[in-house]
Structures are given as structure tokens and as C-alpha cells.
Amino acid sequence: MEPLSQARAAYRDPVLWCFLAVMALMFWVPELIIYMGWADFWIIFLTEVFIWSLFAVAFNLLMGYGGLISFGQAAYLGIGGYTAGLLLKYIVWMNFYVALIAAPIGGALAALVIGYFCIRRTHIYFAILTLAFGHIVYLIAFKWYDFTGGDNGLIGIPVPDWVKDPTFANYYKFVLVITMIAVYLLWRIVNSPFGKTLTAIRENEVRADFVGVDVQRFKLYAFMIAGAFSGLAGALIMINERSVYPDLAHWTQSTQVLLMSLLGGVYTFFGPVVGAFLLLTLDADITQNYPEIWQLFLGGILVLILFGLPGGIVGFIQERDETSADDQVTKMNKLIAQFSRKTWYFFIGAVVFTAFFAILQAPDSWWISEDWDFELLSLVTWGIIPRTVLQAVVGAALLWWLLRGVRSYQLLFRWLLLAFTVLSLVLQMYLETPLSGLAIVFLWNIYCFYVLFQDDIRQAFSDGVPAAAEDAAREAAD
Amino acid sequence: MLLRVENATMSFDGFIAINDVNLTVEKGQMACIIGPNGAGKSTMFNLITGHLTPTEGRVFFHDEDITGLAPHTICQKGMGRSFQRTNIFPRLSVFENVQVAVLAHARKSFNFFTPAKDLVQEETYALLGDVGLVDEAHSISGTLSYGFQKQLEMAITLASEPEILLLDEPTAGMSPQETTSTIELVERIAQERDLTLLFTEHDMDVVFSVADKITVFHQGAVLAEGKPEDVRDNPDVQRIYLGEAA
């Protein structure tokens, strides 16, 4: 039963457990923020990141796994928010948790009704139908003053006292736990027979139909699951603000979540989480100083992603250059060559973007100025452009040498390269690069770790140099 | 009688693609439909498998009326089909391609929380073994060669344990070697699993070596039907179809 054990090993997905472990550690981040004296803003910010991550993963169940591109997903965000909000506001004895559970049920029921019509059409017709229904939901919230409060929204929604603590730490933790549970459930769903069948429908609907799959029913269920988790996210946003406005259901929110999925990677489970984090970070970094260029910047990023990284960032990290016909040695060499190439992309990206964000945040410090106490040994005082040039030159020389070692499968260089990326992160932290820049370097760290510690590559390193690699190394040395 | 089509007519906005066709396939038969391009072979397949509902006429499977049923329902009743263009799930692994079909057949698809990787392993590997793809189980199916993809499609089709196999041009676009090995595979599997076969084919060598009953379609109607020898000697058939080659 060799194949069986093989598949079992593959099932212990390290990415999921890493995610859950990181989330568990983040439980104490509010204490850290308070202890370090940083702004409370970051606690609220992270709470929003969690909620949007949940929303984006739910949305991506439709788009990435089901191939159903919904342009109206914010409708369920709104329905969840209003369901819980109306219950809490108008029913005096309403329990907080009951209202919170009602939100996903409301989202699922709305998705059942709307989905019943939408799934009868495919591709662009499906997308336009979801947009149309989404707008109907928005207009109901916007115009029905007696029930939803219209464009005034529902304000002053009663929430328990523990939500209202001045540092927002309690609610942060509450949202963190809910997001962990919800994302874990969604992960189980996409890896279940239901999820696999949904992916098959995405790949080839006609064929799926003729292996005996009731395609319409699967699509409707997927629509309802996405609606339920979106509704939950909507309720969490409502509680965070203790009010709910029609804007929550506006189509711009739907495009926002679409961008998160595209940015992070549509065909990956955690891509949308990375996308949500990156987009909100960029938003926070850039709108702070240059609110007027935010849209322009977002457009630029999107064009870059669609042309340069069509699989999104996580797709870029996970992509592996292999053909089933290759033998082991060719495969390893291809993988290492691809690693080398992508490491350069990451290096250039990290240098350019960290400098860019740093200049955005501190526009006066781009060059050595007289106001600065210039010290040769303190990089912070160098000004952003000079120090970036230095980083690029020294970094590139080091990286070139390290990658040569990696290409000839020397164990030591694998560790040195990893240390190099970690040191880059430490350096950026020391230079107080804005969060967006740190995020890019951090993704580079993850990339190196992810590739160099894949089972097969690790084995290639510890088994010594594969025969063909020796030649390649000799060529590289010549 | 395993499969019976009675007086089927299919018209698309007035264009009559199938005109009052009767067709029967008996259990264990190797039936073949031939005919020039546009004769209505693929439309006939689509009528039988539920992808189209005939304008008039009925389709019976095991003497049960299946006219107008959804394709997935007909599939679950024991009909398997391969498509003219290769029809797999290109971004899934070879294993997953077959597993999805096995799960659907075992009615285990509506399961939201059990990890799919633990389910129906043995059945899936057995099917991959039957078509000789065990070594490729973890490859992404879209990267396989054309011949392998056709073999994979066969495994997907067999996963629903069909009694009758409808193959639409199983050797289209194949090299002579691939054609030979595909036909050997089909014959072996049909024999091992006691399958009935209904197929369309353009390669006359294949048709006459495999089929024990041939139906000739011409302009949406049946022109001739019978044993291969009889069809070959039929003057009408020779005129419209074999005449081209002679």
C-alpha cells in the first residue's frame, strides 16, 4: 500500500499548520503593541485584515475553486451586517451571539435565492447577474428608510461591554479566533470531496456532468457557503464599527475582494489572505501621506500583477518548473534554476519597493540633507537613495556568490542564503521601512524557506551533488 | 435490448440534424456509427447522453425511458461517454481526475469535511492501473502527452462502472501507433468488463476490425445498417461514403 502512505504524507499540509501557528502567536500582538507603545491604530488595522482575509477566502471558494466570478459578493457582506445589526438594534432581548450566528444564516439564505437564478448562466452572464443582484441589495439598504435606516445607516448598535474596551484588544482577539475557525472550516471544505468536485467543475463542466455530478447543485452549494462566510465577515465589520451603512454592500467592496484574490493568487488557498494583508497595508501606508495617488498606485500594481505574476503572489511562490517526463536530476536542476531566477526578481522587487515606500512615508529624507546628522556608520542618516544604491550593489554581489553555491548543491549555501534573506528583513526593520516594504521582504523570506525546504530539494542537497549538476556548476564557474 | 432509440428527430431552429432515426444496441455488441462529416453522429450521441433532448422520439436504456433526463442522471444509470476532443480536468493531477469520477459514482461527492485524499484510494489506483497510468498519478494531467490524456479519459469514463461505453472518435488525431494501442486498450477493457460499445470512427480499418454491427448515417438519417460485410457491399454506402476512398 505504498501509494496510500504517500498520499497520507501529502495530506499533512504544512502551510495550513504554519498559518494556524502564526495566527495563534498573533493572539498576543495587542499586548506587544501596547507594551511597545505603538499606536492603537495597528490593533484596529489587524482586526480589519483578519475580517477581510476571511471574506477574501470565502470569495475565493467561488472564484478560485469554483471558477464562478462573482461581482456582487459584497451583497452578502451587507446582508450579514444588516441581519446582525437589525436583530441587535430592534429586538431588546437579542443575545449578541445569536445575532452573530444569524448573520451567516442570513447570508446563506440570500445566496440560495440569488444563486438559484445566477447559476443558471455561465461566465460573463453569471458575473453580470451577480452584479445586478448585488446592486439590488445595495439599493434596498440605501432606500428603505423605515427598515434599514437608508443612507443614514444603522448607528449605535448595542454590543456587549467587553467589545468596547479602549484598546480594542478584546475584539481583536475575538475576531482572530473566529477567523481561525472559519478559515480552517473553509480549508476542510475545499479539500473535501465537495471541494475537489467543485474544482473539477471549474476545469471542465461538461465532463464533470458526465461523470455523474449534478453541476447546478454543486454550484448552488458553493454559492451558499461563500454567502454564509461573507455574511459572517459582514457581521464582524458591523460589530467593529457598531454601525452599518449601505456602503458595506456597495459594488466597490466586491471589486476590493476580487483584487485581494488576484493579488494573492486565485488558485491557492492562502493567496487571498496574503492579498488582503498586502492591499490593506498598501492602503494604510499610502493613503496616510498621498491619498490622492492611491487609486493610481492600485491601478499600477494591478497591471504589474496581471502581466508579471498572473498566478498572484502566492502562485508565484508555489509555482514549480517541472514536467512529468523529466528524470530526477533534470527536475532538480530546473527547480534550482527557477529558484535562482525568482530570487533575483524578489531581490530587485524588495530593493525598489522598499525604497519607494520609504520615500512615500518620509519624502524629505530621500537624499543626504543638511538637517540630517550624517554619520558614515549609521545607514539611517544616509538618505534613502544613497543607501538603497549601496544595498543594491553590496546585496547583488553577495547574492550572486550565494546563488552560485546553491546551484552547485552545497549544503552550507542553502543556510547562508536563508540567513541573507532574514538579515535583509532585519536591515529593513532597522531602517524603519514602512509596512508594505517589510511585507515584500517577508514574502521573500517565506519563498526561500518554502523552496529550499521542499522534501525533494532538501534531499538533493543532503545526497550531495547530482551528476548533471556538477557539469552545470563547472559551466557556471567558467 | 440495452439501448433503443425510437423515431428520434432533432431540429435546430428548423435545420433537421437527425431525421426519424431508429437505433438499437444489444448487450455485448460492438456497434459503430459511421458517416461523412455533418451526418449527425455527434448529435446522435448527444441525444443519447442527455446533452440534447430530441425534438421528437424517445430514448430507452434497459427499457427505461431516459428521454430528457439530465446527463449526470443518465451517467449514474450506467452509461459512460468519451468526447471527441479530449475531455479531462487539465489542472488537476491524474489521480484527482479519476478520483472525482469515482467519488461521484460512489455518491460520496456531497461530503464537506472528510479530507478527499483519504477516500477511494484503492478504486482510483485500480483504474489507473487498468489504463497504465499509475506512474503518472501525481503529474498534472494537462502536461501529459495526447495519448496519455486519452487513456486518462478512458479511466475517468470507466470510474462510473458503465455497462455501455459511447466513444466519440476514440482515435481522432492519433498516430498509427497510438491508434493501435488505443484500440487494443478499448478491446481489452470491453472484454474484461463485459462492456457494450457504441462508437463513431473515421478510420475504416479500425471500424471493420472492431465492430460487429455498423450503422451508416447520411444527412441525419440511417442509410444502411447491418453486419460489416453487408454494409461494405451495400451499393448506396459505397456511393456516398466508401466511394470517396475507392
For residue A:202, are the conditions met, namely being in the same structural domain as residue A:51 (by TED's automatic domain parsing), touching a helix residue (DSSP H, G or I) at 6+ places or on another chain (Cβ under 9 Å) and closer than 21 Å to residue B:156 by Cα?
-> yes
Condition met for residue B:170 (away from chain A (no Cβ under 14 Å) and closer than 24 Å to residue B:17 by Cα) = yes
Here is a list of conditions, (1) of a type in the set (Phe, Trp, Tyr); (2) more than 9 Å from chain B (Cβ to nearest Cβ); (3) open to solvent by 40 Å² or more (accessible area, probe 1.4 Å), and residue A:223 meets all of them except one; can you say which number that is?
-> (3)
Residue A:40 vs (1) open to solvent by 30 Å² or more (accessible area, probe 1.4 Å); (2) touching a Pro at 6+ places or on another chain (Cβ under 9 Å); (3) closer than 15 Å to residue A:256 by Cα: all pass except (3)
Checked against (1) closer than 20 Å to residue A:20 by Cβ; (2) in a helix (DSSP H, G or I), residue A:269 satisfies every condition except (2)
Considering only the stretch B:155-178, state which residues are aliphatic (A, V, I, L, M) and either surrounded by fewer than 18 Cβ atoms within 10 Å (Cβ to Cβ) or in a strand (DSSP E or B) (or both).
-> B:164, B:165, B:166, B:167, B:172
Taking the stretch B:46-83 as the search range and keeping residues that are more than 11 Å from chain A (Cβ to nearest Cβ) and hydrophobic (A, V, I, L, M, F, W, C), which one is surrounded by the fewest Cβ atoms within 10 Å (Cβ to Cβ)?
-> B:60
So which of A:420, A:453 is open to solvent by 40 Å² or more (accessible area, probe 1.4 Å) and assigned by TED's automatic domain parsing to the domain that holds residue A:328?
-> A:453
Residue list for the stretch B:93-109, filter: facing chain A (nearest Cβ under 7 Å) and more than 22 Å from the chain's Cα centre (by Cα) | B:108, B:109
Of A:129, A:100, the only residue that is touching a Cys at 6+ places or on another chain (Cβ under 8 Å), among the hydrophobic types (A, V, I, L, M, F, W, C) and under 23 Å from residue A:57 (Cα atoms) is A:129
Restricting the stretch B:110-131 to residues that are open to solvent by 50 Å² or more (accessible area, probe 1.4 Å) and either closer than 23 Å to residue B:197 by Cα or assigned to a helix (DSSP H, G or I) (or both), the residue that is nearest to the other protein chains (Cβ to nearest Cβ) = B:117
Within the stretch B:61-101, of all residues that are touching a Pro at 6+ places or on another chain (Cβ under 8 Å) and in a loop (DSSP other than H, G, I, E, B), the one farthest from residue A:311 (Cα to Cα) is B:67
In the list A:182, A:169, A:208, which residue meets the criterion of being more than 7 Å from chain B (Cβ to nearest Cβ) and surrounded by fewer than 21 Cβ atoms within 10 Å (Cβ to Cβ)?
-> A:169
Cβ-Cβ under 6 Å pairs, at least 6 apart or on other chains, the stretch B:111-136 side under 29 Å from residue A:187 (Cβ atoms), far side of a type in the set (Val, Ile, Thr) and open to solvent by 50 Å² or more (accessible area, probe 1.4 Å) | B:128/B:134
Apart from one, (1) under 30 Å from residue B:50 (Cα atoms); (2) crowded, with 24+ Cβ neighbours inside 10 Å all hold for residue A:233; the odd one out is (1)
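Okay, residues lined up against (1) more than 7 Å from chain A (Cβ to nearest Cβ); (2) modelled with pLDDT under 90; (3) open to solvent by less than 40 Å² (accessible area, probe 1.4 Å):
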residue	(1), (2), (3)
B:87	no, yes, yes
B:135	yes, yes, no
B:146	yes, yes, no
B:153	yes, no, yes
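The values are calculated or read from the model by the stated rules, or taken from the named source; none is laboratory data. All values derive from a computational prediction rather than experimental measurement. No Cβ is skipped: glycine too gets one built from the backbone with ideal geometry, and neighbour counts run over all protein chains shown. Side chains are part of the model used for accessible areas, which takes the heavy atoms of the whole protein and leaves out ligands, DNA and RNA. Shrake-Rupley method; radii C 1.70, N 1.55, O 1.52, S 1.80 Å.
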